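First the structure, in the form of structure tokens, and then the observations on it.
The values are calculated or read from the model by the stated rules, or taken from the named source; none is laboratory data. What you see is a predicted model; the values in this text were computed from it and never measured. Positions of Cβ are generated from backbone atoms using ideal geometry, with glycine treated the same way; all protein chains shown enter the neighbour counts.
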Amino acid sequence: MTHPAHRQPIFWGGVLIVLGTVLLLHKLELLPFSWWVLIWGGVAAAALFMIVRRFREHGEGVFWWVLVFCFALYKLVGTAEWLYLPSWYVLPLMLIAVGIAFATTVALRPRDWHLVVPAALFLFVGGGILMAEMGTLEDEVVRSAIRSYWPFALIAFGAALLLNWRDKKPTAS
């Protein structure tokens, strides 16, 4: 197996060739594009690469890379105008992204299963707000449900923390 330092010139050489080719085609007006699409696409691709790498190495930090990926994907879709995303979708989509990040952390480290509670909370709240913004659910129904039932999330997360702590407690031999 080759040492990672020996593979770096190959990787960066390939990146420079691809980047140079894209820039040359843009300067020759053979490939018109928006710089912001290229930047957000690059950030999304880099974040996705890091997510896959964290999964392969069972490493830490996947939560933040998932957030970076989701935000970059949101900006890419809006900048490239692939889909109309009104500005009021930002909050619910970011709440959903946080829920996805927690769920991804649980998938990477099942011993932290207690994080399923905030994952579900963020996914449901973000999804409810998004559906209210889209007109699928009544706005007042969503607000009332969040206002009435948010303490349940505290209770569930507290119980999950206690149960998870009990599972990790060292046993006396």
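Details
- If you go through the stretch 24-47 and pick out every residue that is surrounded by fewer than 12 Cβ atoms within 10 Å (Cβ to Cβ), among the aliphatic types (A, V, I, L, M) and part of a helix (DSSP H, G or I), you end up with 1.
- Every pair of residues 6+ apart whose Cβ atoms lie under 9 Å, when the first sits in the stretch 147-167 and is over 9 Å from H114 (Cα atoms) while the second is loosely packed, with under 12 Cβ neighbours inside 10 Å: D167/R111
Residue-by-condition table, conditions (1) free of Cβ contacts under 8 Å to residues at least 12 places away in the same chain; (2) surrounded by fewer than 17 Cβ atoms within 10 Å (Cβ to Cβ); (3) of a type in the set (S, T, N, Q):
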site	(1), (2), (3)
V15	yes, yes, no
F71	no, no, no
V90	no, yes, no
I96	no, no, no
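- Filter result for I10 (part of a helix (DSSP H, G or I), of a type in the set (A, V, I, L, M) and assigned by TED's automatic domain parsing to the domain that holds V106): no
- Conditions (1) under 21 Å from L130 (Cβ atoms); (2) part of a helix (DSSP H, G or I); (3) not β-branched (V, I, T); number of the one not met by M50: (1)
- Filter result for the condition that a residue is polar (S, T, N, Q), over 30 Å from W35 (Cβ atoms) and assigned by TED's automatic domain parsing to the domain that holds A44, over S148, S87: S148
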